[in-house]
Amino acid sequence: MTFPRLLVVRQKFPDRRIPDIASEVQKQLAASGFAARLKPGARVAIGVGSRGIHQIATIVRNVVRYWKDQGMQPFLFPAMGSHGAASAEGQADVLAHYGITEAAMGCPVISQLEVVSVGKTADGIEAFMDRTAYDSDGVMLVGRVKWHTDFDGKIESGLFKMLAIGLGKFAGAQRYHAYAYRLGLEHVIRSIGRQVLKSGKILGGLAILEDAYHNTAKLDAVPVELMEQREEENLALVKSWMAKIPADLDVLILDEIGKNISGAGMDTKVVNRGVQGQYNPWPGIPQFERVFVRDLSELTYNSGVGLGMADVVTDRLVDRINWEPTLINSLTANTPAAIRTPIHFRTDRECLERIAPTVGKLDLSQVTYGWIRNTMELVRIAVSENLRAEMEANPQVEIEAAIDFDFDGRGNLISPFVPVEETAGAH
């Protein structure tokens, strides 16, 4: 089978990055009034999530510094549901991988799984809070506001979800997802979040918003009284900045998936897939007939979450999967379809040769291809040359080069993409 030439294209998005993250954190928190809610010497629990938030270590270190400068005793704890294989050690490791350690942050990191009940919602759902957070004098959350991979709503991922599922640890995450199966995840997040707020322990949060380049574009110190309202406003804003693939495609190729890239392994609202196996469920997003995933990200530590949304993967991807954290995360979220093993073949060439004839085109030269490194990196992408007219007509797209669909001696693709760290700042 012959493959078309590829166009490497660059998408042009507004660059909204904050030039000085540290000073913006200090500015936001200085205006927040958070410290006035506590007496000097108070113990402040700072809940931190996971998943590849840009400059998260810098942000958290400056949050710690703010509280120390106010004469408080801050400590950090993981607020991340079932991540890190739902173990205390695993969750501390997740934070450490992002540079959040006691030595680097200048305060203790306390990871444990014990929770305290903070009452029941009107639906009868018992709400939980991390015990060390509950035993502190006040809790602050630091997290990114973004769209969720499982559903569409006015509140999706962000501080409110951390209030519910993050603070509830594994015990809460399991229970809440079970209720969400019937009531819907947005309803559960709102109702649990409101119940946790009634505990009187929450001071507020620092919301992180990222632009289409995944640079920190807005930091918002949100007081407890406004958390639900500001969550809606911040989500609407960040959705308006979202990067997309610029065309419908027959075959979308991803170099990698991973938990560091998206909670679902790949961003469902980029690849237009549902975690329950739905094809192209999201309106207003390009449609893709088939998805081919080549490998796991090095930073996903062999979690295979998300492979079930692919149509074909490589043998090497399947062979790398550590099934324990993969199963725990997917079953806790009630998404077993997201970890079904797709058909898989030995080489990239075989994967493409087997999947291309399934898109409904007898003339395989008409099959359209797109290629991305992962769903976080959508600035430089590759598309097949039969999409040239569409690319040239798009003012947001610039064609950089034409290259061959290149395979190595083993029949595996030679990627035109390098890790984002190697091109940092090259917008």
Inset, instruction - Just need log10 I(q)/I(0) for segment 129-253 at q = 0.18 Å⁻¹, Debye formula, equal scatterers on the alpha-carbon atoms, no solvent, rounded to two decimals. - result: -0.96
Inset, instruction - Could you work out the relative contact order of the chain, using alpha carbon pairs under 8 angstrom and six or more residues apart, expressed as a whole percent? - result: 19 percent
Legend entry - Fraction of antiparallel bridges per DSSP, the chain only, in percent to nearest 5: 45 percent
Inset, instruction - With a 1.4 Å probe and all protein chains in place, put VAL25, VAL109 in order of accessible area, largest first. - result: VAL109, VAL25
Legend entry - Point-to-point label distance, ASP315-LEU237, nm (Cα→Cβ direction, 7 Å offset): 5.1 nm
Inset, instruction - Scan around PHE128 for amide H atoms under 5 Å from its own, H built in the peptide plane at 1.01 Å from N, and keep only partners 5 or more places away or cross-chain. - result: VAL118
Legend entry - In nm, spacing of pseudo-spin labels at GLU24 and ASP93 (7 Å Cα→C-beta vector): 3.3 nm
Inset, instruction - Under a 10 Å cutoff between Cα atoms, tell me which one of LEU209, LEU183, LEU235 has the largest fluctuation in the Gaussian network model of the chain. - result: LEU183
Legend entry - Relative packing of peptides 220-233, 384-397 - highest average C-beta neighbours within 10 Å first: 220-233, 384-397
Legend entry - Gain on full stretching of the segment that runs from LYS68 to GLU353 - 0.36 nm per residue minus C-alpha separation: 96.7 nm
Inset, instruction - Give me the lysines in straight-line cross-link reach of LYS201: C-alpha distance below 29 Å, same-chain residues under 8 apart excluded. - result: LYS27, LYS39, LYS68, LYS120, LYS146, LYS154, LYS161, LYS169, LYS218
Inset, instruction - In whole angstrom, note down how far apart the Cα centers of segment 159-173 and segment 91-142 are. - result: 9 Å
Inset, instruction - Could you run the Karplus curve 6.51 cos²θ - 1.76 cosθ + 1.60 with θ = phi - 60° over segment 379-390 and give me ³J(HN,Hα) per residue in whole Hz, x for Gly and Pro? - result: 6, 9, 9, 10, 9, 5, 5, 6, 9, 4, 4, 5
Inset, instruction - Describe numerically, in nm with one decimal, the distance between label points set 7 Å from Cα along Cα→Cβ at ASP123 and at ALA389. - result: 4.9 nm
Legend entry - Among PRO78, PRO108, PRO357, residue whose mean-square fluctuation peaks in a GNM of the chain (springs only between Cα atoms under 10 Å): PRO357
Inset, instruction - Consider all pairwise Cα distances in segment 106-177 and report the whole-number % of them above 17 Å. - result: 49 percent
Legend entry - q = 0.15, 0.20, 0.22 Å⁻¹, segment 17-148: log10 I(q)/I(0) [Debye, one scatterer per Cα]: -0.75, -1.25, -1.41
Legend entry - Computed Rg/Rh of the chain, alpha carbon atoms with Kirkwood Rh: 0.99
Legend entry - segment 157-163 - phi-based ³J(HN,Hα) in whole Hz, Karplus 6.51/-1.76/1.60, Gly and Pro as x: 9, x, 5, 5, 5, 5, 4
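The values are calculated or read from the model by the stated rules, or taken from the named source; none is laboratory data. Values in this document were obtained by computation on a predicted structure and should not be read as measured data. No Cβ is skipped: glycine too gets one built from the backbone with ideal geometry, and neighbour counts run over all protein chains shown. All accessible areas refer to the heavy atoms of the entire protein, side chains included, with ligands and DNA or RNA removed. Shrake-Rupley method; radii C 1.70, N 1.55, O 1.52, S 1.80 Å.
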